[in-house]
Amino acid sequence: MSVNAAVGDIIKPSKPREVWIDALRVLAFFLVIVNHTNSQIFIAYPPSLTWLASLTYFFISKPAVGIFIMISGANLLGRGKTIRQSLTAAGKIAIVLLVFAFLYKFMFGLEEPATSASDYVKFFTLDVLAGNTYKHLWYLYSYIALLLLLPALDRLNDARLLKYIVPITIIPSGIIPIISHYVNGFGVSGNTTGTLLPIFVGLFLCGYLIKNMKKVRVWPYVITYVALLAFQVTATYFEYKAKNGTGYLYLDNNRLFTITGGAVCIFGIVHYLHTKVTLPPKVGRVINQIGRYTFAAYLMHIFVIRKFDFILQFLNGHMHVLFAMLLFEIFVFALSIVLGALLKHIPFVKRFL
């Protein structure tokens, strides 16, 4: 459930797992892997077909975090969880954060690898609190905040109210910065945008809203998604030219509407397919099983990327870099799921994952 798309079954689902939700988890996790690997291609290439394909693939992967958050809202809202239950869940995620922050610090270091006990004391008392942990763990901070807000957000489960709150939460704060970036002199007071609910809260609520929609139309999602993706690639190309290939990834910001809107569209498209397509039971069971392991796999995938980078280098020497990258990403996905499954079968550990 919840971010066990990217974050686990901390508050246990009261209903059987839904295949389309687990399919979104699996898709979002693969997109996370793409986001953490593919960019090295277009960063190393000048504009070309390879550069364009890699850049497009990169922006396709960017909505992953938003999808995770929407899954959380879809599964957690409307269940009447108490403050105590939410605090307990947030505490478990905090423990997971501390454990994996230590493991990654120990294995890979950060800017400055710890060399003494005092370095680790500083890391746990200052760095972790400030978010100076390994790059993929930042998401756990947001998930903890959403769990802390859950009892209050759960009261906003009226459809008419959500149809009002979600757009004014996601759209203004996600579009105004883009307009300001491209139109000199344009801006809206931060006293207005800063007072609105955070964008991630809007996505959290949006997941619940879409899941419970009675009328499902797919084409608005498809058209919007294609338009947002085309804008990101085109705008980034012209920014690359204007800045001579440096500092051109302004749109690589998961709070901008170009990315959060993409998350909403992907979520809506998969929700629509769920209402129209019935998968064979065996396929559904496989998707459900993989979905169970995605949170633990998410925690492990950077380890796999770092430790098995030599496989990517080998593949690069024998085929086109795009095909090599895709094969490597599939390998990282598979091995991370296996490691996640192993963690989920350790009696004490599985309580936190």
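Please specify each residue of segment 38-55 satisfying the condition of being part of a helix (DSSP H, G or I) and surrounded by 13 or more Cβ atoms within 10 Å (Cβ to Cβ).
Going through segment 38-55, the residues part of a helix (DSSP H, G or I) turn out to be 39-44, 49-55.
39, 40, 41, 42, 43, 50, 51, 52, 53, 54, 55 - these are the residues of segment 38-55 that are part of a helix (DSSP H, G or I) and surrounded by 13 or more Cβ atoms within 10 Å (Cβ to Cβ).
Report every pair of residues separated by at least 6 positions or lying on different chains whose Cβ atoms are under 6 Å apart, first residue within segment 216-227 and at negative phi, second assigned to a helix (DSSP H, G or I) and not aliphatic (A, V, I, L, M).
Listed pairs, sorted by first residue: 216/272; 216/275; 218/272; 221/265; 221/268; 224/265; 225/262; 225/265.
Pull out all pairs, ordered by first then second residue, where Cβ-Cβ is under 8 Å, the residues are six or more apart or on different chains, the first lies in segment 276-292 and is within 14 Å of residue 18 (Cβ to Cβ), and the second is surrounded by 10 or more Cβ atoms within 10 Å (Cβ to Cβ) and among the polar types (S, T, N, Q).
As it stands, the answer is 291/4; 292/4, since those pairs meet every condition given.
Regarding segment 241-253, can at least one residue be identified that is touching a His at 6+ places or on another chain (Cβ under 9 Å) and surrounded by 13 or more Cβ atoms within 10 Å (Cβ to Cβ)? Before you say what the answer is, go through the steps one by one.
Filtering segment 241-253 down to residues touching a His at 6+ places or on another chain (Cβ under 9 Å) leaves 250-251.
Remaining after also requiring surrounded by 13 or more Cβ atoms within 10 Å (Cβ to Cβ): 250-251.
Yes, segment 241-253 contains a residue that is touching a His at 6+ places or on another chain (Cβ under 9 Å) and surrounded by 13 or more Cβ atoms within 10 Å (Cβ to Cβ).
In segment 319-353, what residues are surrounded by 15 or more Cβ atoms within 10 Å (Cβ to Cβ), charged (D, E, K, R) and modelled with pLDDT under 95?
The one that is surrounded by 15 or more Cβ atoms within 10 Å (Cβ to Cβ), charged (D, E, K, R) and modelled with pLDDT under 95: 344.
What are the residues in segment 92-114 that are among the aliphatic types (A, V, I, L, M) and modelled with pLDDT of 85 or more, if any? Let's see the steps before the verdict.
Here is the first cut: in segment 92-114, the ones among the aliphatic types (A, V, I, L, M) are 93-99, 101, 103, 107, 110, 114.
Selection gives 93, 94, 95, 96, 97, 98, 99, 101, 103.
Does any residue in segment 314-336 that is more than 17 Å from residue 48 (Cβ to Cβ) come within less than 8 Å, Cβ to Cβ, of a residue that is assigned to a helix (DSSP H, G or I) and among the hydroxyl-bearing types (Ser, Thr, Tyr) six or more places away or on a different chain, and which pairs are these?
As it stands, the answer is 336/298, since those pairs meet every condition given.
Among (1) under 27 Å from residue 139 (Cα atoms); (2) at pLDDT 95 or above; (3) surrounded by 15 or more Cβ atoms within 10 Å (Cβ to Cβ), where does residue 230 come up short?
Going through (1) under 27 Å from residue 139 (Cα atoms); (2) at pLDDT 95 or above; (3) surrounded by 15 or more Cβ atoms within 10 Å (Cβ to Cβ) one by one, residue 230 breaks only (3).
Of the conditions (1) surrounded by fewer than 20 Cβ atoms within 10 Å (Cβ to Cβ); (2) modelled with pLDDT of 90 or more; (3) assigned to a helix (DSSP H, G or I), residue 174 satisfies every one except a single condition; which number is it?
Here residue 174 clears every test but (1).
List, please: which pairs have Cβ atoms under 7 Å, are six or more places apart or on different chains, and start with a residue in segment 153-177 that is among the hydroxyl-bearing types (Ser, Thr, Tyr) and end with one that is not in a helix (DSSP H, G or I)?
Listed by first residue and then by second, the contacts come to 169/196; 169/197; 173/196.
The values are calculated or read from the model by the stated rules, or taken from the named source; none is laboratory data. Predicted, not measured: the structure shown is a model, and the values here were computed from it. Reconstructed Cβ throughout: ideal geometry from the backbone, glycine too, with neighbour counts over all protein chains shown.
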